[in-house]
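Reading through the structure tokens given below for one structure.
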Amino acid sequence: MDKEQQYQRVFRHLDKNGDGKISPPELQICIGKIGEELSLEEAEIVAELMDSDGDGLLSFEDVVKVVEAANEEEKVNDLKMAFRMYEEAEGCGCITPKSLRRMLSKLGESRSVDECRLMIAKFDLDGNGFLDFDEFQDMML
């Protein structure tokens, strides 16, 4: 089952009355099932914010857009955590050849500083000899 089919299956489950839209009460029930509380008024506000056509209901496309945005945010947060592991200890906001060597060593990869310098150079877009978060993100994605 691909991602689109999974989204459709979940959407159909949430769409209790089968009208192809998720209403605020349906959204309220859905949130309740995952252990969170949402008043009807809050569900109406959420639906209004997520709704793309102004009818106050969530279409399949609206739900997919929100899920994809949440997945993307989660990926970026994971990358930020990984970046901090490789980041120079002095907190320069960058990965240096020395900090890359140290982290690779912790992971069981023995590399020289020169080898790490070459690894960084492949993704160092501004040519400063270090990787900032944006360069790291480009490398990882």
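The values are calculated or read from the model by the stated rules, or taken from the named source; none is laboratory data. Keep in mind that what you see is a predicted model, and the values were worked out from it rather than measured. Backbone-built Cβ (ideal geometry, glycine too); neighbour counts: all protein chains shown.
Please tell me if residue 62 is within 30 Å of residue 26 (Cα to Cα), at pLDDT below 95 and surrounded by 15 or more Cβ atoms within 10 Å (Cβ to Cβ). Walk me through it before giving the result.
Values: within 30 Å of residue 26 (Cα to Cα): yes; at pLDDT below 95: yes; surrounded by 15 or more Cβ atoms within 10 Å (Cβ to Cβ): yes.
Yes; evaluated as a whole, the condition is true for this residue.
List the residue pairs whose Cβ atoms are under 9 Å apart, where the first residue sits in region 65-93 and is among the basic types (Lys, Arg), the second is modelled with pLDDT under 85, and the two are 6 or more positions apart or on different chains.
Once the first residue is among the basic types (Lys, Arg) and sits in region 65-93, its partners that are modelled with pLDDT under 85 give 75/141.
Mind checking which residues of region 128-141 are assigned to a loop (DSSP other than H, G, I, E, B) and either of a type in the set (Ser, Thr, Tyr) or surrounded by fewer than 16 Cβ atoms within 10 Å (Cβ to Cβ) (or both)?
128, 129, 141, listed by residue number.
Has region 58-75 got at least one residue that is of a type in the set (A, V, I, L, M, F, W, C) and either part of a loop (DSSP other than H, G, I, E, B) or over 30 Å from residue 18 (Cα atoms) (or both)? Even if it seems obvious, please write down each step before you answer.
Restricting attention to region 58-75, the residues satisfying the condition of being of a type in the set (A, V, I, L, M, F, W, C) are 58, 60, 63-64, 66-67, 69-70.
Still in the list and also either part of a loop (DSSP other than H, G, I, E, B) or over 30 Å from residue 18 (Cα atoms) (or both): none.
Taking every residue of region 58-75 in turn, none turns out to be of a type in the set (A, V, I, L, M, F, W, C) and either part of a loop (DSSP other than H, G, I, E, B) or over 30 Å from residue 18 (Cα atoms) (or both).
Could you look through region 84-99, keep only residues that are in contact with a strand residue (DSSP E or B) (Cβ under 8 Å, 6 or more places away or on another chain) and not aromatic (Phe, Trp, Tyr), and pick out the one that is surrounded by the fewest Cβ atoms within 10 Å (Cβ to Cβ)? Write out each step before concluding.
Keep residues of region 84-99 that are in contact with a strand residue (DSSP E or B) (Cβ under 8 Å, 6 or more places away or on another chain), which gives 86-88, 94-95.
Now drop any that are not not aromatic (Phe, Trp, Tyr), which leaves 87-88, 94-95.
Working: 87: 23, 88: 16, 94: 21, 95: 26.
Ranking the candidates gives 88 first.
Note down all Cβ pairs under 6 Å where the first residue falls in region 23-38 and is assigned by TED's automatic domain parsing to the domain that holds residue 63 and surrounded by 14 or more Cβ atoms within 10 Å (Cβ to Cβ), the second is outside any helix (DSSP H, G or I) and of a type in the set (A, V, I, L, M), and they're at least six residues apart or on different chains.
Correct list of pairs: 23/57; 28/38; 31/38.
Do you know which residues across region 47-57 are outside any helix (DSSP H, G or I) and either basic (Lys, Arg) or surrounded by fewer than 16 Cβ atoms within 10 Å (Cβ to Cβ) (or both)?
Across region 47-57, the qualifying residues are 52, 53, 54, 55, 56.
Hey, residue 70 hits all of (1) surrounded by fewer than 16 Cβ atoms within 10 Å (Cβ to Cβ); (2) out of contact with any Lys or Arg (no Cβ under 8 Å at 6 or more places or on another chain); (3) over 23 Å from residue 137 (Cβ atoms); (4) not polar (S, T, N, Q) but one; which does it fall short on?
Evaluating residue 70 over (1) surrounded by fewer than 16 Cβ atoms within 10 Å (Cβ to Cβ); (2) out of contact with any Lys or Arg (no Cβ under 8 Å at 6 or more places or on another chain); (3) over 23 Å from residue 137 (Cβ atoms); (4) not polar (S, T, N, Q) leaves (3) as the failure.
Report yes if residue 81 is within 19 Å of the chain's Cα centre (by Cα), assigned to a helix (DSSP H, G or I) and surrounded by fewer than 12 Cβ atoms within 10 Å (Cβ to Cβ), otherwise no.
Considered against the rule, which asks whether it is within 19 Å of the chain's Cα centre (by Cα), assigned to a helix (DSSP H, G or I) and surrounded by fewer than 12 Cβ atoms within 10 Å (Cβ to Cβ), residue 81 comes out as yes.
If you scan region 112-127, which residues turn out to be basic (Lys, Arg) and not in a helix (DSSP H, G or I)?
If the condition is that a residue be basic (Lys, Arg) and not in a helix (DSSP H, G or I), then 122 is the only one that fits.
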